[in-house]
1. Please work out which residue is modelled with the lowest pLDDT, limiting yourself to segment 1-16 and to residues that are part of a helix (DSSP H, G or I) and surrounded by fewer than 21 Cβ atoms within 10 Å (Cβ to Cβ).
2. Exactly one of these conditions fails for residue 201: (1) in a strand (DSSP E or B); (2) exposed (fewer than 14 other Cβ atoms within 10 Å of the Cβ). Give me its number.
3. Output the number of the condition that residue 208 fails; it satisfies all remaining conditions of (1) assigned to a strand (DSSP E or B); (2) out of contact with any helix residue (DSSP H, G or I) (no Cβ under 8 Å at 6 or more places or on another chain).
4. For segment 36-125, please list each of the helices (runs of 4 or more DSSP H) lying entirely inside it that holds at least 2 residues being under 13 Å from the mean Cα position of the chain (by Cα) and either in the same structural domain as residue 139 (by TED's automatic domain parsing) or exposed (fewer than 15 other Cβ atoms within 10 Å of the Cβ) (or both).
5. Pick out the one residue from 155, 146 that is in a helix (DSSP H, G or I), in contact with a helix residue (DSSP H, G or I) (Cβ under 8 Å, 6 or more places away or on another chain), buried (at least 20 other Cβ atoms within 10 Å of the Cβ) and modelled with pLDDT of 90 or more.
6. Looking at (1) farther than 16 Å from residue 88 by Cβ; (2) outside the structural domain of residue 48 (by TED's automatic domain parsing); (3) modelled with pLDDT of 80 or more, which one does residue 130 not meet, given that it meets all the others?
7. Filter segment 40-54 for residues that are in contact (Cβ under 8 Å) with a residue 40 or more places away in the chain and under 20 Å from residue 103 (Cβ atoms) and give the result.
8. It is to be established whether one or more residues within segment 181-191 are in a helix (DSSP H, G or I) and either at pLDDT 85 or above or surrounded by fewer than 16 Cβ atoms within 10 Å (Cβ to Cβ) (or both).
């Protein structure tokens, strides 16, 4: 049985409104909206995997350039954290919903029945695929305009809010972006009037760092700070 097939005209019109530009290649647009489950039910139909691969690189490069130009005082580590937050799956899925992607993606029957239209992984993949389609159809400048419209506000919010400077929040963003979880364990020592807290932050079963403080919160923040420095130095 075939999955739901959104109206291609509707897809083009809705995305034109979102992008303020219409993708000229209808076949390219259709591919960008085609999940593998749909392609497997329709021999000869191409899914978006290759476009997603390209779009991931295009988005990261465009956001990187934006950060470099708009935040001249930011360190490499600060820019890395900002980028990690706005190219992570949750951020891309939120953009996908603004664009109306849940109603436009082409899914196979099985994926349709299991709630594929609301899966963050699918929504984020389609966003990257569409950016690749725009890049191929109109070039990097058009992608930059889209990033200015939809990613710049997210970047500004993360840069300006206390959460943007919160070590625990920033560590969470970096690790979640790579599919890892974050856990903290805290122990207490010392007399009641001078308690000392020690926190250990771990991810996927591995201890990342240890921090200390005069409260549980401060110890966790200190551990997250140390872990961030180590993660950024080894992975970025």
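The values are calculated or read from the model by the stated rules, or taken from the named source; none is laboratory data. Small disclaimer: the values here were computed from a predicted structure and weren't measured. Heads up, the Cβs are rebuilt from the backbone with ideal geometry, glycines too, and the neighbour counts pull from every protein chain shown.
1. Step one: filter segment 1-16 for residues part of a helix (DSSP H, G or I), giving 8-16.
Adding the requirement that they be surrounded by fewer than 21 Cβ atoms within 10 Å (Cβ to Cβ) leaves 8-10, 12-14, 16.
Details: 8: 59, 9: 68, 10: 77, 12: 85, 13: 88, 14: 87, 16: 90.
Out of the qualifying residues, it is 8.
2. So the condition that residue 201 fails would be (2).
3. Going through (1) assigned to a strand (DSSP E or B); (2) out of contact with any helix residue (DSSP H, G or I) (no Cβ under 8 Å at 6 or more places or on another chain) one by one, residue 208 breaks only (2).
4. Numbers: elements: 36-41, 49-70, 76-86, 89-99, 101-104, 109-113.
Per the criteria, 49-70, 76-86, 89-99.
5. Numbers: 155 fails: modelled with pLDDT of 90 or more.
Testing whether each residue is in a helix (DSSP H, G or I), in contact with a helix residue (DSSP H, G or I) (Cβ under 8 Å, 6 or more places away or on another chain), buried (at least 20 other Cβ atoms within 10 Å of the Cβ) and modelled with pLDDT of 90 or more leaves just 146.
6. All conditions pass for residue 130, except number (2).
7. Across segment 40-54, the qualifying residues are 41, 42, 48, 51, 52.
8. Among the residues of segment 181-191, not one is in a helix (DSSP H, G or I) and either at pLDDT 85 or above or surrounded by fewer than 16 Cβ atoms within 10 Å (Cβ to Cβ) (or both), which makes the answer no.
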